[in-house]
């Protein structure tokens, strides 16, 4: 008899019929990243990507989170909004995030693709930063990590 | 400092009847959850148990699972793990993660 073992399903990478995720995040919404190296960081959501991913940016200058794709299921949307209606994301594509094949490292020299990534990131981030210009409190909010302590009840929290 | 993004839970035991138990389903009490409706928030969330691999070393292992159902009326939930939990761990603290988030 074959015993079926229970396996924990991973976050789905399957494309839905429309190619878009069930968007529970609106562009401009501040979201909290729930897992990975940037867990707890509050970042600005920029765009819903296909396969349930989300394009986010710290911005890097504020909290150290670069332009990044995160699974939308690993994020909690908050009620805070940043006005990014005028943002230009035409330079951002999947190719931008592709990692280069590992070759011999040249010390002190950045690869061309990384240079390009930094350029795109800084143009996107300056646009977000200009939207945050007169909001020192919002900047501070983005700089603060979200964390639970004993006795906290996420099921009663309003984000 | 890394942010704590999990709620503490307790591994209460296995799902069982009077004389038999089903080790494939574990019962988890989540801190601060006292009712069934509160427990519903945690359905589908991932759970992790951190354990020491041996008494001699500090190497830790992790068993992942997810919350599959509520259990009873007092906020206890059922969880399934990729491998069944060690019965000696009953009463131990587990981590109930806040993801996957469902809108």
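The values are calculated or read from the model by the stated rules, or taken from the named source; none is laboratory data. Predicted, not measured: the structure shown is a model, and the values here were computed from it. Positions of Cβ are backbone-derived with ideal geometry, glycine not excepted, and every protein chain shown enters the neighbour counts.
Give the residues of segment B:8-51 that are out of contact with any strand residue (DSSP E or B) (no Cβ under 6 Å at 6 or more places or on another chain) and more than 12 Å from every other protein chain (Cβ to nearest Cβ), sorted by residue number.
Once the filter is applied, which keeps residues that are out of contact with any strand residue (DSSP E or B) (no Cβ under 6 Å at 6 or more places or on another chain) and more than 12 Å from every other protein chain (Cβ to nearest Cβ), segment B:8-51 yields B:16, B:17, B:18, B:19, B:20.
Name the single residue that is nearest to residue B:41 (Cα to Cα) among those in segment A:66-78 being part of a strand (DSSP E or B), within 14 Å of chain B (Cβ to nearest Cβ) and free of Cβ contacts under 8 Å to residues at least 60 places away in the same chain.
Of everything passing the filter in segment A:66-78, A:75 is nearest to residue B:41 (Cα to Cα).
Mind listing whichever residues of segment A:90-119 are buried (at least 17 other Cβ atoms within 10 Å of the Cβ) and either under 25 Å from residue B:101 (Cβ atoms) or at pLDDT 90 or above (or both)?
A:92
So residue B:99 ticks every box in (1) touching a strand residue (DSSP E or B) at 6+ places or on another chain (Cβ under 7 Å); (2) closer than 19 Å to residue A:149 by Cα; (3) within 9 Å of chain A (Cβ to nearest Cβ); (4) not in a loop (DSSP other than H, G, I, E, B) but one. Which box is left unticked?
(4)
Determine which member of the set A:52, A:58, A:64, A:151 is surrounded by 17 or more Cβ atoms within 10 Å (Cβ to Cβ) and at positive phi.
Every option except A:52 fails the conditions.
So which residues in segment B:39-83 are in contact with a helix residue (DSSP H, G or I) (Cβ under 9 Å, 6 or more places away or on another chain) and surrounded by 18 or more Cβ atoms within 10 Å (Cβ to Cβ)?
B:39, B:41, B:42, B:49, B:67, B:70, B:71, B:75, B:76, B:77
Would you say residue A:63 is at pLDDT below 90, in contact with a strand residue (DSSP E or B) (Cβ under 9 Å, 6 or more places away or on another chain) and within 13 Å of chain B (Cβ to nearest Cβ)?
The answer is no for residue A:63.
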